[in-house]
Amino acid sequence: MTYLAKPKLHHPDLHKNALGFTRRDYEGPVSTLCAGCGHDSISAAIVRACFELDLPPHRIAKLSGIGCSSKTPTYFLGASHGFNSVHGRMPSVLTGANLANKDLIYLGVSGDGDSASIGIGQFAHAMRRGVNMVYIVENNGVYGLTKGQFSATSDKGAKSKRGVVNSEEAIDLVGMALQLGATFVARSFSGDKTQLVPLIEAALKHQGAAFIDCISPCVAFNNHDGSTKSFDFVREHNEAVNSLDVITGRSEITVDYAPGTVEMVTQHDGSVLRLRKLEANYDVHDRIGALTYMQERHAAGEMVTGLLYVDPNPRDLHAHLKTVDTPLNELNTAALVPGSKALAAINASLR
Amino acid sequence: MLQQVDRIEGLQRVNDFVVKFANVNGSGSASANSMFAKAVLRMGVASTPRNIFPSNIQGLPTWYEVRVSEAGHLGARGGGVDLMVAMNPQTWDEDVKSIVPGGYLFYDNTKPMPASKFREDIVVLGVPLTEMTNKAYSDPRQRQLFKNIVGLGALAALLDMDAEAIEGLLAEQFKGRQKLIDANFQALHMGVNWVKANMAHPIGLRMRKATTVGDRIFIDGNSAAGLGAVYGGATVCAWYPITPSTSLVEGFQRYATRMRFDKETGKSKVAIVQAEDELASIGMVIGAAWNGARAFTATSGPGISLMGEFIGLAYFAEIPAVIMDVQRSGPSTGMPTRTQQTDITACAYSSHGDTKHILLIPEDPYECFEFGALSFDLADRLQTPVFVMLDLEIGMNERLCKPFDWDDNRVLDRGKVMTKEDLDAGKVFGRYLDVDNDGITYRTYPGTHPSKGAFFTRGTSKDRMARYSEEGPDYQENMDRLLKKHKTAASLVPPAILTPAKSPTKYGAIYFGSTSAPMTEADEILIRDHGAGLDLLRLRAFPFGPEVEKFIEDHDVVFVVEQNRDGQMRSMLINELEIHPKKLVKVLHYDGTPITARFISAAIGERIAADKTASSR
């Protein structure tokens, strides 16, 4: 980490988005994570995605659990409300927040310990419920804050910094998210901003449960030979199935690719995902196919990345609960309290 | 009718007895039993039913005990059964044994039973229910269902009950289905007529019209608390099924579905989520309340244990949360279907670190409704968890209580929330800045303002401006302010209620929750047996107000009556008010049955008698 505060003076020519904000307006205080930490790259990608999508920072709520990854919401979107909750329990807090106000954008940030170990139950159930959110797991395969123990996403056979070999099978959060009904599932790598930023943008535009598993090497405890979550290992084994551009209303749509190699997916809010297929037979709308493909490539030692599954017209939890259009937190006494007359009728029925 | 032995004269009591129904599960007896309790009420006499059931769905015996009391006593009486309606062969021996000498045994005598199955000191009332229904009906289901109604008719004739009261209830239950009404009337009168033609009637236990009930209503505490949550403006409910709290959420759902439905759009002004566990339930409640909705969960002891970490977060990060705890016997799984007041300290000090929470303790369904609604105002006002402490006794049993009332001028108190207008007007916002010197600070809802008022909520230590801080002074200032806020809470929660004795006494009794009715009755017994009653103080909340300290100061001996093993409330009084332990005498009942007036008066009477003997020596 650096101990230097971020400069308050900004270059007058900094590019502004449609809302008149610069990238600086989407940043937070300086990160206290280790220099070179993959998580900081993800924070930067979030900043860029929100800036490019012209999202009003205060309409985003950022929530996290406990751990290195869960500290990061402090370091981006300083004008947004944030909630650093309890270890492994961000999904429930986010679900509750979402129930209270369906109009905000919910960004949940978690880690592999937070989501795959202590919080695997809440991770699973938030996906099942179809909570409208972006759920990013900053996946480094180790516990950083407690100095390098294996996490549940560590691959079997991976070696720790101290030379211990992991004997336990890894939990695949992408596989779980696919199986449990997430309507947007992606995997990316913190070292690949070109891939990650559009994925975050697409997820933010998605109106359902969007999950991104982002491999994010831990420079302090999991970036050595024998690790399967190191920068070198991920670069060597990264196999992207597609590459993505997000086209919002104001961008111009131009297609300059060979037919059959590009698919345009229009999401419910009107945003268009332009997918360039890198793996010709991969169908991004086939949930079962995605599961099979992921397993096959994993067995072959590859780490598949990209947009793995998307349902452009998801139904979220509010749709299932049939809640009113007005956010529940805006309903006042008149809207909520049935009053004395209704109570008198209840009294009469209880005699 | 061989078994209709009637050698002795039975008990002679009017409008004051206990009837217990021993049921066969799945026989449809519940509806007829409940109708009996309601028919007593329709005659103007107080009746208090209790479901006695094991932690099981089908196959194990259950009982339904009804106390009939013109004097209006609503607590469990204890001390045996005056009339046993023994319909379950499985529990026959135990049931017959529980009848008081001179009491009555009502049973179906279609099949003869050996004399050894009876007692000589009770009155046996055999009615051939199966024979009658087999003759009248051919369909097995009808035979079973109408047997209950025939039995009810027979009981009505034996007790000199108003058959019209039962007819009225049947007509209401089957409103609009005249055929069913007629059939039920027919069954009812089959029972009435058989008794009138074949038995000496009425028996020594009799009903007579009275005016005890008045305009009171009859409802279970869980439903009342659920209705209270609707009136309290709850829009988010997250819960996990657990006995005995499940029917609270079901009650909320029932009322909310009806009263929060938007006819124009067909949409609902409420979100109810059945979570995967209690951790998720409370997490959702906290997330929703952080985001400005009124949210609650309902649970019981094991759920409270699981929620501990989150409750600490809500306390330290200062987020409103309403937790309705319907207490059952602990520890661990304990006795899930038996009552106890056993989560008092677990709730008051839930979670690690120094914490103190708000408890509201209702005595009956009326207060379940009142506190159910009030809890949301208090949670928002104080920005902290608020527990509504029911127990199985008042939660899962229907109980006579005052009718609910509501002031239409009442506005939901959302507490200190800074709005966009406040922020634009230049009001200083610091999330943990104690501007009013009451320990309560201002908050903003997420999404309020484009550039002002955002802050980071965390369970870690922070300074007044919500910035992460591990500085000792910042931490300590925050902890001290939380204590100040807890003191402020003492002035906002419902105060304890004093019922003074007719003449000055050095004895006082402190009690709370479902102990209320038995305590009041116990005081009457003490007046009768010892010539003097006690000053009574009913706690309704924690933190304790100054009236509690004064009450203890004003007496030499204060009995603390509670339904747990360790005297949890007594410990809290000792610790919070720095009372000498010797001054507070434990009266503890904890076998899972509801505490009774007989138990309380015996324990207190013994101590008073011992004091008298000691002073006369």
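Each reported figure results from applying straightforward, stated rules to the coordinates on display, with no laboratory input. What you see is a predicted model, and the numbers here were worked out from it, not measured in a lab. Every residue, glycine as well, gets a Cβ built from its backbone with ideal geometry; the counts of neighbours run over all protein chains shown.
Treating the angle as unsigned and between 0 and 90°, give the value, to the nearest 10°, between the Cα long axis of helix A:193-205 and the longest Cα principal axis of chain A.
The helix A:193-205 is inclined about 10 degrees to chain A.
For the range B:39-86 and the range A:218-236, compute the distance between their C-alpha centroids and round to whole Å.
Measuring centre to centre over Cα atoms gives 70 Å.
Could you list A:CYS68, B:CYS401, B:CYS368 so that the one with the fewest beta carbons within 10 Å of its beta carbon is first and the one with the most is last?
Result, fewest neighbours first: B:CYS401, A:CYS68, B:CYS368.
Which is farthest toward the positive dipole end of chain B among B:PRO54, B:GLY102, B:GLY334, measuring Cα position about the Cα centre, with Cβ charges +1 (Lys, Arg) and -1 (Asp, Glu)?
B:GLY102
Which links in A:LYS156/B:LYS462; B:LYS20/B:LYS196; B:LYS20/B:LYS117; A:LYS6/A:LYS71 stretch past 29 Å when you go from one Cα to the other?
The answer is A:LYS156/B:LYS462.
Between A:GLY157, A:GLY306, A:GLY28, find the one with the highest GNM mean-square fluctuation for chain A; connect C-alpha pairs within less than 10 Å.
A:GLY157
Given charges of +1 on the Cβ of Lys and Arg and -1 on the Cβ of Asp and Glu, with all other atoms neutral, how large is the dipole of the range B:309-411 about its Cα centre, in debye to the nearest 20?
Dipole size: approximately 280 debye.
Relative contact order of chain B: what whole-number percent is it, with Cα pairs under 8 angstrom and at least 6 residues apart?
The value is 12 percent.
Looking at this model, which pairs from B:LYS402/B:LYS586; A:LYS62/A:LYS277; A:LYS322/B:LYS420; B:LYS427/B:LYS452; B:LYS38/B:LYS209 are more than 20 angstrom apart at the alpha-carbon?
B:LYS402/B:LYS586; A:LYS62/A:LYS277; A:LYS322/B:LYS420
Read phi for every residue in the range B:280-288 and hand back ³J(HN,Hα) as whole Hz from Karplus 6.51 cos²θ - 1.76 cosθ + 1.60, θ = phi - 60°, with x for Gly and Pro.
5, 4, 5, x, 5, 4, 5, x, 5
Please tell me the relative contact order of the range A:23-321 in percent, rounded to the nearest whole number, where contacts are Cα pairs under 8 Å and at least six residues apart.
Once divided by the residue count of the range A:23-321, the mean separation gives 17 percent.
In whole Hz, with x marking every Gly and Pro, tabulate ³J(HN,Hα) for the range B:392-408 from phi via Karplus 6.51 cos²θ - 1.76 cosθ + 1.60, θ = phi - 60°.
Values per residue, Gly and Pro as x: 4, 4, 8, x, 9, 10, 6, 8, 6, 7, 4, x, 5, 9, 8, 8, 5 Hz.
Which one, B:ALA597, B:MET389, B:LEU83, is farthest towards the positive end of the dipole of chain B when Lys and Arg carry +1 and Asp and Glu -1 on their Cβ?
Comparing the listed Cα positions along the dipole, B:LEU83 ranks first.
For a paramagnetic label modelled at 7 Å from the Cα of B:LYS550 toward its Cβ, which residues of the range B:478-520 fall within the zone defined by backbone nitrogen distances under 19 Å?
From the range B:478-520, the list is B:487-511.
Can you put B:VAL81, B:VAL66, A:VAL164 in order, fewest other beta carbons within 10 Å first?
A:VAL164, B:VAL66, B:VAL81
Roughly what % antiparallel, to the nearest 5, for the DSSP beta bridges in chain B?
Bridges in chain B are about 35 percent antiparallel.
Hand me the trypsin sites (Lys or Arg not before Pro) from the range A:130-215 located in a DSSP loop with no more than 16 other Cβ atoms within 10 Å, in residue order please.
A:LYS147, A:LYS156, A:LYS161, A:ARG162
Given the Cα-Cα distance of B:LYS582 and B:LYS420 and 0.36 nm per residue of separation, how much length would full extension add, in nm?
Full-extension gain reported as 52.8 nm.
What order do you get for B:VAL270, A:VAL246 when you list them from fewest to most C-beta neighbours inside 10 Å?
Arranged by neighbour count, lowest to highest, B:VAL270, A:VAL246 become A:VAL246, B:VAL270.
What are the residues whose amide H is under 5 Å from the amide H of B:GLN341, where those residues sit 5 or more places off or on another chain and H is modelled from the backbone?
HN-HN under 5 Å from B:GLN341: B:GLN563, B:ASN564.
Once amide H atoms are placed 1.01 Å from N in the peptide plane, what residues at a sequence separation of 5 or more from B:THR419, or on another chain, have their amide H within under 5 Å of its amide H?
HN-HN under 5 Å from B:THR419: empty list.
About the Cα centre of the range B:219-401, how large is the charge dipole given +1 on each Lys and Arg Cβ and -1 on each Asp and Glu Cβ? Please answer in debye to the nearest 20.
460
As I understand it, the dipole of chain A uses +1 on the Cβ of Lys and Arg and -1 on the Cβ of Asp and Glu, about the Cα centre. Which of A:HIS320, A:ALA177, A:PHE231 lies farthest toward its positive end?
After comparing all options, I get A:HIS320.
Explain nothing, just compute: Karplus ³J(HN,Hα) = 6.51 cos²θ - 1.76 cosθ + 1.60, θ = phi - 60°, for every residue of the range B:25-31 in order, whole Hz, x for Gly and Pro.
Those phi angles translate into 4, x, 8, x, 6, 4, 5 Hz.
Need one number: % antiparallel among DSSP beta bridges in the protein assembly as shown, to the nearest 5.
Given both bridge residues lie in the protein assembly as shown, the antiparallel proportion sits at roughly 35 percent.
For a quick check: with amide H placed at 1.01 Å from N, whose amide H comes under 5 Å from B:VAL270's, ignoring anything fewer than 5 positions away on the same chain?
A:VAL324
Sort out for me the Cα centre separation of the range B:117-193 from the range A:136-163, rounded to whole Å.
Centre-to-centre (Cα) distance: 71 Å.
Of all beta bridges DSSP finds with both residues in the range B:219-401, what is the antiparallel percent, to the nearest 5?
Of the beta bridges lying entirely in the range B:219-401, close to 20 percent run antiparallel.
Specify the inter-centroid distance of the range B:494-566 and the range A:1-76, based on alpha-carbon positions, in whole Å.
60
Run the dipole for the range A:163-206 about the Cα centre, Lys and Arg Cβ at +1, Asp and Glu Cβ at -1, nothing else charged, and hand back the magnitude in debye, nearest 20.
240
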